[in-house]
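Participant: One structure follows; several queries about it will come next.
The values are calculated or read from the model by the stated rules, or taken from the named source; none is laboratory data. Remember, it's a predicted structure, so these values are computed and weren't measured experimentally. Ideal geometry is used to build each Cβ from the backbone, glycine not excepted, and the neighbour counts take in all protein chains shown.
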Amino acid sequence: MKFAIVRMIVVAAISASACGLLAAQQSAPSFQISSTSFPDVSRIPTRFTCAATEPPPGGPRHISTGISPELQWKNAPKGTVSFVLLLHDPDARVPKAPTDVTHWLAFNIPASTTELPQAVAEGKPLPGGGLQGKNITGKIGFQGPCAGPGPFHHYTFELFALDEKLDLPQGATREQVEAAMKGHVLANAAYVGLFHR
């Protein structure tokens, strides 16, 4: 009888603890990314795309890089050491490529950082810390969305919270960054912009 009572008390205590932990997890605010440059799931303004007039169009396709939009985020999970930012076009593929089209890649963004300003410079470390990787053109930095006429493409800004910094140099590729991230992602958030020319 005494054993049964003790067992009931222990089970009740464990249940209460589990319920409390579950409630805490459920009430924790979600990791979010947003932008003042355009609303989520809306058309991306021209200045942030390859149709921009500044920087001036150039290269074989005579397109602009555009400028990167302002981004901000909040509610990173406990234990976050760094962030990875990836802008990609899931509606486009490059023949024989392992991924869809990469428009911007940044990594080792410090956990203390909660935003990136508009018009981040190409080929340079990020303001406040962090490095930039290569985009679809092979250059380091932002390449604006560039879908041709037809349906809108869903340009996705994905932000990953990691439990470590990545041992990679400026100019790393998406494949290198994604391989190094494996097993270290605590949470991710996404923000989508629409564009076609």
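Participant: Within region 172-181, can one find any residue that is among the small types (Gly, Ala, Ser), assigned by TED's automatic domain parsing to the domain that holds Pro77, buried (at least 16 other Cβ atoms within 10 Å of the Cβ) and in a loop (DSSP other than H, G, I, E, B)?
Facilitator: Checked against the condition, which is being among the small types (Gly, Ala, Ser), assigned by TED's automatic domain parsing to the domain that holds Pro77, buried (at least 16 other Cβ atoms within 10 Å of the Cβ) and in a loop (DSSP other than H, G, I, E, B), region 172-181 yields at least one hit.
Participant: Hey, another quick one. Quick one: would you say Thr80 is in a loop (DSSP other than H, G, I, E, B), over 23 Å from Lys165 (Cβ atoms) and in contact (Cβ under 8 Å) with a residue 60 or more places away in the chain?
Facilitator: Details: in a loop (DSSP other than H, G, I, E, B): yes; over 23 Å from Lys165 (Cβ atoms): no; in contact (Cβ under 8 Å) with a residue 60 or more places away in the chain: yes.
Judged against the criteria, Thr80 is not a match.
Participant: So, Val101, is that one in the same structural domain as Arg174 (by TED's automatic domain parsing) and part of a loop (DSSP other than H, G, I, E, B) or not?
Facilitator: no
Participant: Right, here's the next one. Among what's in region 15-57 and is surrounded by 10 or more Cβ atoms within 10 Å (Cβ to Cβ), modelled with pLDDT under 65 and not polar (S, T, N, Q), pick the residue that is farthest from the chain's Cα centre (by Cα). Before you say what the answer is, go through the steps one by one.
Facilitator: Quick first cut of region 15-57, residues surrounded by 10 or more Cβ atoms within 10 Å (Cβ to Cβ) only: 15-23, 28, 31-55, 57.
Okay, now just the ones that are also modelled with pLDDT under 65, so 15-23.
Then drop every residue that is not not polar (S, T, N, Q), which leaves 16, 18-23.
Details: Ala16: 37, Ala18: 32, Cys19: 32, Gly20: 31, Leu21: 28, Leu22: 27, Ala23: 28 Å.
Step by step, filter region 15-57, then rank; the result is Ala16.
Participant: Next question. Only residues that are of a type in the set (Gly, Ala, Ser) and either touching a helix residue (DSSP H, G or I) at 6+ places or on another chain (Cβ under 6 Å) or under 25 Å from Asp91 (Cα atoms) (or both): list them for region 119-153, please. Break it down into steps so the answer makes sense when it comes.
Facilitator: Within region 119-153, the first condition is being of a type in the set (Gly, Ala, Ser), and the residues that meet it are 119, 121, 123, 128-130, 133, 138, 141, 144, 147-148, 150.
Result: Ala119, Gly133, Gly138, Gly141, Gly144, Ala147, Gly148, Gly150.
Participant: Within region 80-118, which residues are touching a helix residue (DSSP H, G or I) at 6+ places or on another chain (Cβ under 9 Å) and surrounded by fewer than 19 Cβ atoms within 10 Å (Cβ to Cβ)?
Facilitator: Once the filter is applied, which keeps residues that are touching a helix residue (DSSP H, G or I) at 6+ places or on another chain (Cβ under 9 Å) and surrounded by fewer than 19 Cβ atoms within 10 Å (Cβ to Cβ), region 80-118 yields Pro98, Thr99, Gln118.
Participant: Condition test on Val81, is it in the same structural domain as Glu175 (by TED's automatic domain parsing), at positive phi and over 13 Å from the mean Cα position of the chain (by Cα)? Outline the logic, then answer.
Facilitator: Values: in the same structural domain as Glu175 (by TED's automatic domain parsing): yes; at positive phi: no; over 13 Å from the mean Cα position of the chain (by Cα): yes.
No: the conditions fail for Val81.
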